[in-house]
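The values are calculated or read from the model by the stated rules, or taken from the named source; none is laboratory data. Note that the structure is predicted; figures quoted are calculated from it, not measured. Every residue, glycine among them, receives a Cβ derived from its backbone with ideal geometry; neighbour counts consider all protein chains shown. Surface areas here come from the heavy atoms of the whole protein model, side chains and all, with no ligands, DNA or RNA. Shrake-Rupley method; radii C 1.70, N 1.55, O 1.52, S 1.80 Å.
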Amino acid sequence: RLEAALAERGKQLKGARVLLLGLAYKKDVDDPRESPSFVLWEKLEAGGAHVTFHDPFIPQAPAMREHPQFTGRTSEALTPETLARCDAVLIATDHSQIDYAAVVRHAKLVIDTRNACGKLPPELTAGRVVRA
């Protein structure tokens with residue numbers, strides 16, 4: 001879905017700046033073990049994307065046996081500037097404390113795998129949010 005949505009906007013995955021929103025395996029916890037976010041991260045980087053992440057519960061990617069390449073990478077601040085710099089935001093974990101309306105307002109493209117934007121008004125999400 002991410003690749004197709006980028007292509008519709010004249011971009012490719014290779015070279016795209018993607019913000020992975022959430023590393024935890026489920027909302028509102030600080031445990032990344034067995035989180036699908038790391039698999040997504042690997043696939044995105046294998047496709048040539050430049051990936052950063054934001055997770056309010058995980059300030060730094062811990063050492064993990066299955067994904068050692070991410071150890072020590074730090075969570076980006078979730079600011080309008082950070083969001084505007086990205087070609088896409090991929091919501092992988094739907095933490096309650098994230099302001100999804102602000103994410104959608106400032107991001108060029110949001111891929112929502114958790115229906116985190118489902119209650120936002122259609123006039124805000126139209127053309128910006130892709131459900132996956």
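At 4 °C and 1.567 mPa s, grab the translational diffusion coefficient of the chain from Stokes-Einstein with a Kirkwood Rh over Cα pairs, rounded to a whole number in µm² per second. Write out the running numbers ahead of the final one.
Details: Rh = 14.7 Å.
The Stokes-Einstein estimate is 88 µm²/s.
With a 1.4 Å probe and all protein chains in place, put LYS14, LYS119 in order of accessible area, largest first. Display every interim value, and only then the final one.
Details: LYS14 150, LYS119 200 Å².
If we order LYS14, LYS119 from most to least accessible, we get LYS119, LYS14.
Trypsin sites (Lys or Arg not before Pro) within segment 56-89: which are DSSP loop residues with at most 13 other Cβ atoms inside 10 Å?
Values: sites: ARG65, ARG73, ARG85; in loops: ARG65, ARG73.
In loop regions of segment 56-89 (DSSP not H, G, I, E or B), the sparsely surrounded trypsin sites (Lys or Arg not before Pro) are ARG65.
Could you report segment 1-125's accessible area per residue, 1.4 Å probe, as an integer in Å²? Each step should come with its number before you reach the end.
Numbers: 6530 Å² over 125 residues.
Here the residues of segment 1-125 average 52 Å² of exposed surface.
Helix 36-46: angle to the longest alpha-carbon principal axis of the chain, degrees 0 to 90, nearest 10?
80
What's the longest bit of the chain with no exposed GluC sites (Glu not before Pro), using DSSP loop states and at most 13 other Cβ atoms within 10 Å as the test? Numbers along the way, then the final one.
Values: sites that count: GLU34, GLU66.
Looking at the chain, 67-132 is the longest stretch - no exposed GluC sites (Glu not before Pro) with at most 13 other Cβ atoms within 10 Å.
Dipole magnitude of segment 4-132 about its Cα centre, charges +1 at Lys/Arg Cβ and -1 at Asp/Glu Cβ only, in debye to the nearest 20?
On the way: 17 positive and 16 negative charges, 76 e Å.
It comes to approximately 360 debye.
Express the carbon and sulfur contribution to the solvent-accessible surface of the chain as a percent, rounded to the nearest whole number, probe 1.4 angstrom.
Values: 3510 of 7020 Å².
Here it works out to 50 percent.
As a test, work out the antiparallel percent of DSSP beta bridges whose residues both lie in the chain, rounded to the nearest 5.
Numbers: 1 of 16 bridges.
Within the chain, antiparallel bridges account for around 5 percent of the total.
Considering the dipole of the chain built from charges on the beta carbon (Lys and Arg +1, Asp and Glu -1) around the Cα centre, which of PHE57, PRO121, LEU21 is farthest to its positive end?
My answer, from the dipole projection, is PRO121.
If the reach is capped at under 24 angstrom between alpha carbons, list the lysines near LYS14, excluding any in the same chain fewer than eight residues apart.
Excluding near neighbours in sequence, the set is LYS43, LYS108.
Using amide H atoms built 1.01 Å from N in the peptide plane, name the residues 5+ places from VAL130, or on other chains, whose amide H lies under 5 Å from its own.
VAL110, ILE111, ASP112
Enumerate the calculated ³J(HN,Hα) couplings along segment 101-112 in order (Karplus 6.51 cos²θ - 1.76 cosθ + 1.60, θ = phi - 60°), each rounded to whole Hz, writing x wherever the residue is Gly or Pro.
5, 5, 4, 5, 4, 9, 8, 6, 8, 10, 9, 9
At a temperature of 20 °C and a viscosity of 1.002 mPa s, determine how fast segment 12-76 diffuses translationally according to Stokes-Einstein, using the Kirkwood radius over alpha-carbon pairs as Rh; express D in µm²/s, rounded to the nearest whole number.
Details: Rh = 11.8 Å.
In µm²/s, the coefficient is 181.
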